[in-house]
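A.B. asks: I'd like to ask you about the structure that follows.
The values are calculated or read from the model by the stated rules, or taken from the named source; none is laboratory data. The structure displayed is predicted, hence computed values, not measured ones. Heads up, the Cβs are rebuilt from the backbone with ideal geometry, glycines too, and the neighbour counts pull from every protein chain shown.
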């Protein structure tokens, strides 16, 4: 009997791999398809032979020809469609044991002319079916990833008195591992997480889902974002697939005071919109799931009425335009600086991205945006009108003034220009040293209390010791000539420095505690010189 | 807490030896600073340069140490020069009048190449 063997189009023509359905039936002999390599000279010969080829009389140095002979093939009829060899009709000996006649050969050639287009069509149909199956499988995976992703993202942002919270998630076609979450905590505080798992598709979606669940669990038990990240990292490390990790920024917002404590595991730095511009909220730390035993730092900032914070994922800053430029951080920072007070900041950013991005290509990566905007009607005001930015204690131990300086610097970010910030830092350091040394006599158990607040147009840092009834000495100008001549101790610069750093110095005492207030004007022209 | 430890390194650059300061100048800096000063003044130079480029923080105790150093230098008739101050610490050297007694330069190169004796009070 005969067999049509066709050359597979999907895998090129290197092998005649596709088998036709050839279930053996009794009484007939079945010819198996034969592998013929692409560079076999037999193929070139068949392409041009122009009709039925007698295998027995053919002289050609061809491995394919040898195999055909071994299989007992007598005749090969090339199936040519539009000049292209698409298959062979292989025939064994006639069952009547007679030779193939000239009529037989004409019949076969006729048949081949009609069969060739039909085989071609069959090949195309099969190829398209395979492609459609592949497409369907990919689509199905995408649907699963999207489903996981969207099921684990909050359906809506929570509503919080005095705040406007919003979130936006725009998946790329091939879903990435972006996530965000709002977690209600005790005392009305709110946990906010935003992150990005490396990789795409189902694996990323699964890691994202478990990361989010671990964060949720840790957030309820731990009140420090740094501790939450440390815990999540330790739990994630043993289970995360190799070469995958997650970046994440986790924050806790106290909606009453506006205090936002944040910690970062390698995620993009959010921007704080202030009237003075957009400030990057800096914090660094190892991404989650890379190494166990990592520790993270807490940072804090006060989000004041009228200010807002924008969190975002890579998909935004790494989007490209038609000229292959990236959207980038400077563009985003400028956008927040200009329009960060808009209630629809998310729409502003999305529109800017859409206007920027290359229309000719699919969105490259997920884009996630989360905004926290504090409304102008002020919550968290002080008795005298104004905002408490921070209040904390430092133990009276040598060197601890550096802690005071760093903490004050964090909360006044954006309020003073660089020169005045340096002066504030020196003044805070000196005032804290004085309080620890002269007030509290370096007793570690007696802390110095530092309170940072704004009232109208002033920034006030109040440093309080527990000195008892001793009066605060007056600041006098140290006599450098006398010091150089050895007539005075070289020391005694503290109060003098403070006075020269600040716009105004106020002191008060309640008989037990001394307070020194370092005052900086927040309006233009308040130079401390 | 972790602090940026003070270091004072002497470089025998002629004719003006350099004391390279780095880290935080506070009460813990006294010994190292005085040691560096006596080492740098051994050869009896006319002038010495204090390079502050690596200094991250200086408090009033640090200023007192510089005042003490200046008093020692004046006794030995060594001119003290200063380079590498940030704007902020330039301001502090100015209000404390330290800059009346020490010449302030932008960088080490201009400080050591200067023939000196300017702005001595």
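A.B. asks: Quick test for you: out of B:4, B:51, pick the one residue that is in contact with a strand residue (DSSP E or B) (Cβ under 6 Å, 6 or more places away or on another chain) and farther than 30 Å from residue A:396 by Cβ.
C.D. replies: Only one candidate qualifies: B:51.
A.B. asks: Would you check which residues across the range A:485-500 are modelled with pLDDT under 90, more than 8 Å from chain B (Cβ to nearest Cβ) and touching a helix residue (DSSP H, G or I) at 6+ places or on another chain (Cβ under 6 Å) and list them?
C.D. replies: A:488
A.B. asks: Assuming residue A:456 fulfils every condition listed in (1) out of contact with any helix residue (DSSP H, G or I) (no Cβ under 6 Å at 6 or more places or on another chain); (2) at pLDDT 90 or above apart from one, which condition is it?
C.D. replies: (2)
A.B. asks: Got a sec? Which of A:439, A:399 is without any contact (Cβ under 8 Å) to a residue 40 or more places away in the chain and either more than 14 Å from chain B (Cβ to nearest Cβ) or at positive phi (or both)?
C.D. replies: Working: A:439 fails: without any contact (Cβ under 8 Å) to a residue 40 or more places away in the chain.
The match here is A:399.
A.B. asks: Here is a list of conditions, (1) under 30 Å from residue A:192 (Cβ atoms); (2) out of contact with any strand residue (DSSP E or B) (no Cβ under 7 Å at 6 or more places or on another chain), and residue A:96 meets all of them except one; can you say which number that is?
C.D. replies: Every condition holds for residue A:96 apart from (1).
A.B. asks: Which of the residues that make up the range A:413-436 are more than 9 Å from chain B (Cβ to nearest Cβ), surrounded by 23 or more Cβ atoms within 10 Å (Cβ to Cβ) and within 25 Å of residue A:523 (Cβ to Cβ)?
C.D. replies: Result: A:424, A:427, A:428, A:431.
A.B. asks: Identify all residues within the range A:394-420 that are assigned to a helix (DSSP H, G or I), within 23 Å of residue A:297 (Cβ to Cβ) and touching a strand residue (DSSP E or B) at 6+ places or on another chain (Cβ under 9 Å); write none if there are none.
C.D. replies: A:401, A:402, A:403, A:404, A:405, A:407, A:408, A:410, A:411
A.B. asks: Working only within the range A:402-414, note down all residues that are under 30 Å from the mean Cα position of the chain (by Cα) and in contact (Cβ under 8 Å) with a residue 40 or more places away in the chain.
C.D. replies: Matches in the range A:402-414: A:407, A:410, A:411, A:412, A:413, A:414.
A.B. asks: I'd like to know if the range A:363-379 contains one or more residues that are modelled with pLDDT of 90 or more, touching a helix residue (DSSP H, G or I) at 6+ places or on another chain (Cβ under 8 Å), within 14 Å of chain B (Cβ to nearest Cβ) and not in a loop (DSSP other than H, G, I, E, B).
C.D. replies: No - not one qualifying residue is present in the range A:363-379.
Residue-by-condition table, conditions (1) buried (at least 17 other Cβ atoms within 10 Å of the Cβ); (2) more than 20 Å from residue A:448 (Cβ to Cβ); (3) modelled with pLDDT under 80; (4) within 14 Å of chain B (Cβ to nearest Cβ):
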{"position": "A:468", "(1), (2), (3), (4)": "no, no, yes, no"}
{"position": "A:472", "(1), (2), (3), (4)": "yes, no, yes, no"}
{"position": "A:502", "(1), (2), (3), (4)": "yes, no, no, yes"}
{"position": "A:509", "(1), (2), (3), (4)": "yes, no, yes, no"}
{"position": "A:517", "(1), (2), (3), (4)": "yes, no, no, no"}
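A.B. asks: Yes or no: the range B:31-51 includes at least one residue that is crowded, with 17+ Cβ neighbours inside 10 Å and closer than 21 Å to residue A:422 by Cα.
C.D. replies: Scanning the range B:31-51 turns up at least one residue that is crowded, with 17+ Cβ neighbours inside 10 Å and closer than 21 Å to residue A:422 by Cα.
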